[in-house]
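The structure under discussion appears below in the form of structure tokens.
What follows is calculated from the coordinates using simple rules that are stated; it is not laboratory data. Remember, it's a predicted structure, so these values are computed and weren't measured experimentally. Ideal geometry is used to build each Cβ from the backbone, glycine not excepted, and the neighbour counts take in all protein chains shown.
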Amino acid sequence: MSDDDALTRMRHAFAEVELPATRTLDEAYAVKVKYLGKKGLVTELSRALGSLPPDVRRERGQQVNALKAALEQAYDDHCRALTEQAEQAALATFEDLTDVVAPEPGTLHPLTRTRRALERVFASLGFDVADGPHVELARLNFDDLNIGPDHPARDMADTFFVAPPPGSRWQPGDLVLRTHTSPVQVRTMLERTPPIRIVALGTVFRRDDDATHSPMFHQIEGLCVDEGTSLADLRATLYRFVSALFERELQVRFRPSFFPFVEPGAEFDMQCPFCGGKGCSVCKGSGWIELGGAGMVHPAVFEACGIDAERYTGWAFGFGIDRMAMLMHQVPDLRLLFEGDVRFLEQFPC
Ligand code: DAH
């Protein structure tokens, strides 16, 4: 085999076999070093030229130099191609911003809409919107509302207790996820002096989970404290409220019931807004829809909140926002409200 053949084979091995097999610049560089590095195959050839007789050396030197130049060229071309490929691959992962279709505008969740509708109606009736924390003191959630230590609601099976942060002044049992919005009544009475007229809307938590109960749900609480306010005002307010919300005159009725923080206490129903009281599938033929609880603020609650029960009277009510949203938007299953399924939410365009 002639020396020329050896150079041709080296060029072939470099430019046609080893270099094309590399996929990264690092790999390509390793091949370059193998041939053109300090101890590379071509470098060895150059070095060996010194031992050749002068007449051969010149021609052989030119051949080796031509080989070097050819390998450098092949290396540069290959690296340029690799870089271009990498750029194309990177570009392919970017979204072409000139090709973006404007996204569909979002809409408000049916619960948010219901909540806002309730706030609007109660604001028009002269109520402020008040707020309270989700992690609540058991004292405000229970004790100050006249719910004693032995009340079943305080059982671990009904209430989510929150472990106090290490080093805090709270003991186990002191903190809960609020089980109703009623502690906002207490907070408001502790902070403000009568006359008070507030609604508090928000998330509440109970250890319940089935087709009609979710461990997280929403309530609205109303409280009025003033001189001489009475059950008649409570009833008139609820009547005005349901009529305004459904934009038709709807009656409200009370059924005697017990809640520790009111006396007397009642559950209240509204006339069915769908049949006007005649009886339909929504009200299951009764003409009435159960809404929630209400009553006159219990003197023990006034005492816990530093309100003079001789001077003031008060009334309160509470009901579920989720159930109201289901009614207003004819949602058949409570869980649909919390699953975030776009196919459901899309049914509520602005
Ligand atoms: N807090 C009660 C519950 O979650 C609802 C309720 C009943 C609120 C009577 C009230 C009330 O303000 O007076 O079941």
task: Would you mind calculating the relative contact order of the range 117-251 from Cα pairs under 8 angstrom and at least 6 residues apart, reporting the percent as a whole number?
output: 26
Pairwise centroid distance, computed over Cα atoms, of the range 302-350 with the range 27-42, Å: 76
The chain - percent relative contact order, Cα under 8 Å, separation 6 or more: 14
- line: Expected vector for the range 268-280, Karplus 3J(HN,Hα) from phi with 6.51, -1.76, 1.60 and θ = phi - 60°, integer Hz, x for Gly and Pro, equals 10, 10, 10, 4, 5, x, 8, 10, x, x, 6, x, 8
- request: Pick out, in residue order, every one of the GluC sites (Glu not before Pro) in the range 37-114 that is DSSP loop and has at most 10 other C-beta atoms within 10 Å; say none if there are none.
  value: 95
message: Defining a contact as two alpha carbons under 8 Å apart and six or more residues distant in sequence, what relative contact order in percent does the range 1-118 show?
response: 26
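What is the range 93-239 by shape, rounded, prolate or oblate, if you read a ≥ b ≥ c off the alpha carbon gyration tensor as root eigenvalues and call it rounded for a/c under 1.5, prolate for a/b larger than b/c, and oblate otherwise? Working shown, then result.
Values: a/c = 2.19, a/b = 1.28, b/c = 1.71.
Cα axes put the range 93-239 in the oblate bin.
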- prompt: In deg cm²/dmol and to the nearest 500, what is the mean residue ellipticity at 222 nm of the chain if only DSSP H runs of at least 4 residues count, each as -39500 (n - 2.57), divided by the residue total?
  reply: -12000 deg cm²/dmol
statement: For the chain, the count of lysine pairs 8 or more apart or interchain whose alpha-carbon atoms are under 18 Å apart comes to 4
- prompt: Of the listed peptides 250-256, 294-300, 111-117, what is their order by residue-averaged count of other C-beta atoms within 10 Å, with the highest listed first?
  reply: 294-300, 111-117, 250-256
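What number in nm² do you get for the chain if you take the convex hull of its Cα atoms and divide its surface by four?
33.1
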Base-10 log of normalised Debye intensity for the range 256-315 (one unit scatterer per alpha-carbon) at q = 0.28 Å⁻¹: -1.00
